[in-house]
Amino acid sequence: MIIQALEQMEDHYPYTRGMIAQCGFKSVGIDYRHLKRERGEAKGKFYVLIDMGLNGLISFTNVPLRVCMLAGLVIAALSLLFVFVQLFLLLFVSRGASPPGIPTLIIALFFFSGSSSFSWDSWGIYQRHSFSGSQEAARHRKGTD
């Protein structure tokens, strides 16, 4: 039954553990003791393991995109706050606190970095929802044939 449910899923880069959990069947844990490898080396390279971990994280949640989007929004907002701090320092404290143009560069860099991060992550969430919607439509068409 699980194999049939997995065959119905169309994923171009599958994360099998997540797909099995998504099927919704009752699961049972099996206790075992992992023995130390007696000879040879593991075939999985570090970057492959990182790739598999990221695939598992990204395949079933929008949380990483939303966290990055929020971080971009916070960075952009903090850069705007820095504008007011720099204005206050320029008008009331001292005129020579920083070389001319440096605060402007800092503000521009952080504002555009933050707003760019926010925009790209918003676009990523939109694309993810569009892709899942097209997968649902394809599944629905396949079931009606």
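The values are calculated or read from the model by the stated rules, or taken from the named source; none is laboratory data. Note that the coordinates shown come from a computational prediction; the quantities given were computed from them, not determined experimentally. Counting neighbours? That spans all protein chains shown, and the Cβs are built from the backbone with ideal geometry, glycine included.
Here is how the numbers come out for the structure above:
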quantity	calculated
Residue count for region 61-85, restricted to those that are surrounded by 14 or more Cβ atoms within 10 Å (Cβ to Cβ) and farther than 22 Å from Ile107 by Cα	3
Gly56 being touching a Ser or Thr at 6+ places or on another chain (Cβ under 7 Å), surrounded by 14 or more Cβ atoms within 10 Å (Cβ to Cβ) and touching a residue at least 40 places away in the same chain (Cβ under 8 Å)	no
Test: residue in region 60-67 that is in the same structural domain as Arg128 (by TED's automatic domain parsing) and of a type in the set (D, E, K, R)	yes
Pairs where the first residue, in region 1-23, is surrounded by 13 or more Cβ atoms within 10 Å (Cβ to Cβ) and the second is outside any helix (DSSP H, G or I) and at pLDDT 75 or above, C-beta under 8 Å, 6+ apart	Ala5/Phe25
